[in-house]
1. Based on the Cα coordinates of the chain, what is the per residue volume of their convex hull in Å³?
2. Starting with the fewest neighbours, write out Phe77, Phe54 ranked by other beta-carbon atoms found within 10 Å of each beta-carbon.
3. Is there a quick way to get the dipole size of segment 9-167? I mean about its Cα centre, with the Cβ of Lys and Arg at +1 and of Asp and Glu at -1; what is the value in debye to the nearest 20?
4. Calculate how many DSSP beta bridges within segment 9-167 are antiparallel, expressed in % of all such bridges and rounded to the nearest 5.
5. Could you check the simple spin-label distance between His97 and Thr72, using points 7 Å along Cα→Cβ, in nm with one decimal?
6. Give a quick list of trypsin sites (Lys or Arg not before Pro) in segment 18-76 that DSSP marks as loop, anything other than H, G, I, E or B, with at most 11 other Cβ atoms within 10 Å.
Amino acid sequence: MAAGETVVVFTIYATRKLLDRVKQPVEDPVSPPTSLFGNWYATVLFWKPQIALFVNEATLLPVLVALAPAATLGRRFPDQLRVVLDAHGIAPNVIDHEITAMGQARYAKTANRSVVGIMNEFAYLGDLHRHDPRVADLEAVALEISRTPCGPLDKRHGSPDRELHALLNGPTPG
């Protein structure tokens, strides 16, 4: 990196279970995010195959990613985020801007207990949805979970899908 060059980063606040699997350095203190969405929280779901559940700190938007290979999870996450944002009807230029702004993933220990609580609820709901024959893949499970009303969003837009659209100043779905 050249002198004066800005490092483009986002932080994955990971549970101990996930940190044990990704085997990446844990940073403290963490740099401020350079993307609109900001930081993400993540944990491992012991499904067959194992899955990483990501939840955005600002919108509570869930994204599910195959865990294996765990060492590359941070590099693969933006690609799955792109798929989920597209499924939510976000404009391609907005998606491209966000993915570019995310840059390199850094790992830290979880710091927001409210988001960790939401992750636990989403893990439970995800397990229910993945057994529904109408839900075909991880993207569809994430879309179903994103429609769930969440207490922390109660005074704002109510559910992660609506919070996502509000953040991006787009129309609120359904």
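1. For the chain, the hull spanned by Cα atoms encloses 123 Å³ per residue.
2. Ranked by crowding around the Cβ, least crowded first: Phe77, Phe54.
3. 420 debye
4. Among the beta bridges of segment 9-167, antiparallel pairing accounts for roughly 50 percent.
5. Each label point is offset 7 Å from its Cα along the Cβ direction, giving 3.0 nm.
6. Counting only loop positions with at most 11 other Cβ atoms within 10 Å, the trypsin sites (Lys or Arg not before Pro) in segment 18-76 are Lys23.
Coordinate-derived values only; no laboratory data. Everything numeric in this text was worked out from a predicted model, so none of it was measured. Virtual Cβ from ideal backbone geometry, glycine too; neighbours counted across all protein chains shown.
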